[in-house]
1. At a threshold of 8 angstrom on Cα-Cα distance, excluding pairs fewer than six apart, so keeping six or more, what relative contact order does the stretch 7-154 reach in percent?
2. Using a 10 Å cut-off around each Cβ, can you sort Ser189, Ser61 from fewest to most neighbouring Cβ atoms?
3. Return the Cα extents of the chain along principal axes one, two and three, sorted largest first, each rounded to a whole Å.
4. What do you get for GluC sites (Glu not before Pro) in the stretch 19-64 restricted to DSSP loop and a cutoff of at most 14 other Cβ within 10 Å of the site's Cβ?
5. For the chain, what is the calculated [θ] at 222 nm in deg cm²/dmol (nearest 500), taking -39500 (n - 2.57) for each run of four or more DSSP H residues and dividing by its residue count?
6. Between Glu93 and Arg190, what is the label-to-label distance in nm when each label sits 7 Å out along the Cα-to-Cβ direction?
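Readers should treat all values here as calculations from the given coordinates under stated rules, not as data from a laboratory. In this text the structure is predicted, and so the values were computed from the model without any measurement. Positions of Cβ are backbone-derived with ideal geometry, glycine not excepted, and every protein chain shown enters the neighbour counts.
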Amino acid sequence: MTANRLYAVITADVIDSRHIESFRHKRDAKLRPLSRLHLRDKLIVSEFAVTAWDEFQTVLSKPSAVPRVVLDLRRNFYPMQLWIALGLGKVSEPRKKPVNQFAGGEAFERARLGAERLKDDKAGKDRPLTWFISGDEVFDLIANTIYRLHDTLLQDVSPKQWETILAQTKMGSQELAAKKLAVNVSTVSRNLRRAHFWQMEETCKAVEKIIQAYF
């Protein structure tokens with residue numbers, strides 16, 4: 001184990017992947033550039049590793065990177081839906097690649113438990129999409145409640161609104177996003193508002209601060 005250092009592990013599953021045509025190609029086309037982006041920004045310690053047909057995981061460089069990586073996964077994998085489980089704790093061999101062969105420890109164990117919780121059929125239609133297990137019950141209650149509400153908002157976002165979100169994220173301003181989409185700035189602004197874009201960004205920043213306060 002890396003002495004006393006805490007990491008976060010993400011285990012993500014693509015929901016209903018068997019119904020997605022050319023799934024493997026589409027999965028890799030989304031995952032590879034995202035790995036490069038997150039490595040460049042030092043959010044993850046190694047690229048995402050595919051651990052099963054519809055599952056992949058990685059070790060984040062620090063727990064506070066979780067909200068940004070989760071939001072990027074949601075945005076970039078759309079229209080695919082993901083279950084995203086987060087385990088916080090110690091990790092053995094975090095930088096050996098691929099992580100699913102060399103790394104282990106409590107953060108991986110907790111992420112696995114979170115993934116099992118997300119795929120539990122007993123939850124029915126109210127099944128969450130994001131789940132934290134950190135070893136701190138109060139933090140888990142706060143984080144899971146926030147993301148339960150956050151993920152509910154995501155269910156109402158239309159394809160056109162997601163297109164606007166992706167353009168805004170890539171271009172960095174509403175004016176440039178409008179040019180890319182060949183629409184008025186007012187249309188971009190309206191789509192972002194109706195898609196709860198600013199709430200997504202605020203959730204990301206708030207949870208980052210909460211994680212820093214706890215860990």
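1. Working: 249 pairs, mean separation 36.6, N = 148.
Computed over the stretch 7-154, the figure is 25 percent.
2. Ser189, Ser61
3. 53, 38, 38
4. Counting only loop positions with at most 14 other Cβ atoms within 10 Å, the GluC sites (Glu not before Pro) in the stretch 19-64 are Glu21.
5. Dividing the helical sum by the residues of the chain leaves -16500 deg cm²/dmol.
6. Between Glu93 and Arg190, the simple spin-label model gives 5.6 nm.
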